[in-house]
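Heads up, the thing below is written out as structure tokens.
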Amino acid sequence: MGVVILLVMAAGVAAMLTRKLPTAFALVLLAVVIAFVAGAPLTGENSVIDTVLQEGAPALAATMIAIVLGSWLGKLLEETGVAATLVRKIVEFGGDRPVVVALGVLAVSALVGTVTGSAPAAMLAGLIGIPAMIAVGIPKVTAAGTILMGIAVGIPFELPLWQFFSTALELPVETVRGFMVKLFPFALVAAVLYVFVESRRRGVEHTWSLKSVQDKPRSPNRRQRLGDAPWYALLTPAVPLILALGFELAIIPSLLAGVLYALVTTTRPREMNKRLLRTLYGGFEVAAPPIALFIAIGILLAAVKLPGAVEALEPLVKAVSPQNTVLFVGVFTLLVPLCLYRGPLNVFGLGAGIAGVLISTGIYPAAVVLGMATSYNQVFGVADPTSTQTVWAAQFAGVSPQQVMVRTLPYVWAVALGGLCVTAATYL
């Protein structure tokens, strides 16, 4: 029975890799098939309809709300010019010093990455940041990778991600937050090394193929001409983080506070109503794909936690899961590439199901699975050529996602190694 479930999972991975089915649809179909193979009845207790579909679909509801709020805040950063102003100020400060400009854009990308992930974060920092870096001589591949490495620095403090891991792995937010804080230094060091090494190793490449960020619109007012947000509004991305990390406020209220701060500091009272609704609706458009994915992940988690699935998979998973600390780090470091191309260790795909299996069978404590999943997520968020942020950044810079993967993978692989070492030392 366990072998059949593993074969079904392999078929699901193949369907996602070959793009025969969208990831969300493949995960739902996979969950239903696993439930039937595990002997679940159609209805009733531990059933396909009532447990897997009905209870699984809203299981990550808190994460979905956090995603909507993060997307809403991201739209506000875009519409009010906060993100563009941050990048522009960095470019003005850096002048014609390529490394300084790249480090500044990296910092803004990290700040934006704490608010929202995926393509919206790349666009907020990259629409101005990538042309600016290329204009001062940063190679195109390095420019695209800088945006992605910056977002990866912000990922450990992305509040919707905290909510996802807390809900999916049934861990307190405090536990998730504690590990993310430990993961952050590895992401930061790798990102800074990337900028220094790649920009100097490749040399300066001047190109003017992209529109200059110094083009001036016609309005005579400087702030209107440049689209600058007020200086105090530039603190917006830090507001949710300060509340959640510094004051340990709950995630959803922290994100709501960020939305309100952005609105109050950038919008006249008579325009607030329209801007609130317009950006909220825009946020829903951005949040729709990840929400669909989280619905599917919740369904898959419900399926792999069924008693029949746990009983069938436990001996097989236990046989191949290393318990020795050194072996644990070595094996799972070597398996890092399996989180690329929507592979089986991608936490926003089948990896969520595998995480559920590891916890429900008692192979590893939930905290260990958290360390593994978050470490792999650092790799997926930067180097996966199928992730939306990687595709957007690469195409906007004029290179291929595979080129970006080759340049960034060694750095994020090292981040994953660091995360796995911390996991083994702390929780095993």
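Things worth noting here:
- For trypsin sites (Lys or Arg not before Pro), the sites in region 1-75 that DSSP calls loop and that have at most 13 other Cβ atoms within 10 Å are 19, 20.
- Degrees, to the nearest 10: 325-334 long Cα axis against longest axis of the chain: 60
- Given charges at Cβ of Lys, Arg, Asp, Glu: the chain dipole, positive-most of 128, 152, 29: 128
- Cα gyration tensor, the chain - rounded (a/c under 1.5), prolate or oblate: prolate
- Using θ = phi - 60° and Karplus 6.51 cos²θ - 1.76 cosθ + 1.60, couplings along region 122-134 (whole Hz; Gly, Pro as x): 4, 5, 4, 8, x, 4, 9, x, 5, x, 5, 5, 5
- Within region 242-342, the GluC sites (Glu not before Pro) that combine a DSSP coil assignment with at most 13 other C-beta atoms in a 10 angstrom radius are 248.
- Global geometry of region 9-129, whether rounded, prolate or oblate, following the gyration tensor of its Cα atoms and the 1.5 cut on a/c: prolate
- Shown here for region 238-322: chymotrypsin sites (Phe, Trp or Tyr not before Pro) in loop regions (DSSP other than H, G, I, E, B) with at most 13 other Cβ atoms within 10 Å, namely 247.
- In order along region 146-152, the Karplus-derived 3J(HN,Hα) couplings, from 6.51 cos²θ - 1.76 cosθ + 1.60 at θ = phi - 60°, round to 5, 4, 5, 5, x, 4, 5 Hz, and Gly and Pro are given as x.
- Accessible solvent surface per residue of the chain, calculated while the other protein chains remain in place, 1.4 angstrom probe, Å²: 41
- The simple Förster model, with R0 at 35 Å and r as the Cβ-Cβ distance, assigns residue 79 and residue 248 a FRET efficiency of 0.70.
- Förster radius 30 Å - calculated FRET efficiency between residue 93 and residue 55 (Cβ-Cβ, nearest 0.05): 0.05
- Net length gained if the chain between residue 19 and residue 174 were fully extended (0.36 nm per residue, minus Cα distance): 52.1 nm
- Mean residue ellipticity (222 nm) of the chain, computed from DSSP H runs ≥ 4 via -39,500 (n - 2.57), nearest 500: -23000 deg cm²/dmol
- For region 250-293, carbon and sulfur atoms together expose 68% of the accessible surface, with a 1.4 angstrom probe and every protein chain in place.
- Seen against the Cα atoms of the chain and their longest principal axis, helix 61-79 is set at about 10 degrees.
- For region 133-174 versus region 382-428, the inter-centroid distance based on Cα atoms is 10 Å.
- Computed from the C-beta positions of residue 285 and residue 4 and an R0 of 41 Å, the FRET efficiency is 0.55 to the nearest 0.05.
- If you sort 305, 318 by accessible surface, 1.4 Å probe, largest first, the order is 318, 305.
- For region 293-339: rounded, prolate or oblate by the Cα gyration tensor [a/c cutoff 1.5]: oblate
- Residues in region 14-27 carry Karplus couplings, in order, of 4, 5, 6, 5, 7, 6, 5, 9, x, 3, 4, 5, 4, 5 Hz; the curve used is 6.51 cos²θ - 1.76 cosθ + 1.60 with θ = phi - 60°, and Gly or Pro positions show x.
- Under-5 Å amide H pairs with residue 59, H placed in peptide plane, nonlocal only: none
The values are calculated or read from the model by the stated rules, or taken from the named source; none is laboratory data. Worth saying up front: this structure is predicted, and the values here are computed from it rather than measured. Don't worry about glycine lacking a Cβ; one is built from the backbone with ideal geometry, like all the others, and counts go over all protein chains shown. With ligands, DNA and RNA removed, areas are computed over all heavy atoms of the protein, side chains included. Shrake-Rupley method; radii C 1.70, N 1.55, O 1.52, S 1.80 Å.
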